[in-house]
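Beneath this line is the structure, given in structure tokens, with notes to follow.
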Ligand SMILES: CC(C)(COP(=O)(O)OP(=O)(O)OC[C@H]1O[C@@H](n2cnc3c(N)ncnc32)[C@H](O)[C@@H]1OP(=O)(O)O)[C@@H](O)C(=O)NCCC(=O)NCCS
């Protein structure tokens, strides 16, 4: 691959390093500290986790990125459950951020999801990043985020069709898979295994 980059499926030997990478990437970004490394840690044992789409990115042998995928579904207004996937945490190690690596990892993971037959992806995230890889605001496609009122503008809830037309004629709601909701006290105990890091309250955090 370009720039000595390799993207491959994560193995158990990578687990500690990918959790640490996730912690480094998310630390103090959306809240003081972060929970995402614990989310990743817990998901590996869950049935909706997709091992073949838990991918690591290496550059010249150094781990610089990771993404994981989870099976999910859209509850259509006509009563169908439409299979989909979500993904995340997606992480690029801090010193490699904003150099195009996240986009390369995202697009390769989308290509692999498409090859597995996935019809659509749903994700909470920044349209500034995901919009460049084909994501659109979900409500514009009639897919609503269950955590918000149906008529609310939810600019951070996004979808992307991997099979063109997969969402045609589908309206409905989407709920995050349960594994994304972790107990904060348990996450705190898990975090104590990692090197100490200062939690900071910073502008722009969500919590
Ligand atoms: C988000 C993340 C995976 C993106 O990877 P990256 O390698 O930094 O991103 P890229 O260099 O490929 O970005 C390409 C473009 O996407 C947009 N973009 C990237 N990160 C963005 C962000 N946080 N907010 C808004 N736009 C962003 C920019 O337009 C960027 O181009 P530019 O740098 O020329 O302005 C990475 O920054 C990261 O690990 N962040 C912390 C964890 C996180 O927020 N994960 C996503 C949660 S939804």
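Counting only alpha carbon atoms, the long axis of helix 101-115 and the longest principal axis of the chain meet at about 50°. Here the gap between residue 99 and residue 137, fully extended at 0.36 nm per residue and compared with their Cα-Cα distance, gives a gain of 11.2 nm. Of 73, 95, 161, the residue with the greatest mean-square motion in the GNM of the chain, using alpha carbon springs below 10 Å, is 95. Counting only Cα atoms, segment 85-207 measures 50, 33, 28 Å along its principal axes, largest extent leading. Only helical runs count toward this figure. For the chain, summing -39,500 (n - 2.57) over DSSP H runs of n ≥ 4 and dividing by all residues gives -6500 deg cm²/dmol at 222 nm. Annotation: extensible slack from residue 75 through residue 192 equals 38.3 nm (criterion: 0.36 nm per residue apart, minus Cα-Cα distance).
Of all DSSP bridge pairs formed entirely within the chain, close to 90 percent run antiparallel. Normalised size of the chain, defined as Cα radius of gyration per 2.2 N^0.38 Å with N residues, equals 1.01. The length gained on full extension between residue 59 and residue 30, counted as 0.36 nm times the residue separation minus their Cα-Cα distance, comes to 7.8 nm. Separation of segment 119-152 from segment 56-72 is 23 Å, based on Cα centroids.
How high is the relative contact order of the chain, given as a whole-number percent (alpha carbon pairs under 8 Å, six or more residues apart)? That works out to 24 percent. Model label points for residue 8 and residue 175, set 7 angstrom from Cα along the Cα-to-Cβ axis, are 3.9 nm apart.
No value in this document is a laboratory result; all are computed from the given coordinates. Since we're looking at a predicted model, the values are computed, not measured. Positions of Cβ are generated from backbone atoms using ideal geometry, with glycine treated the same way; all protein chains shown enter the neighbour counts.
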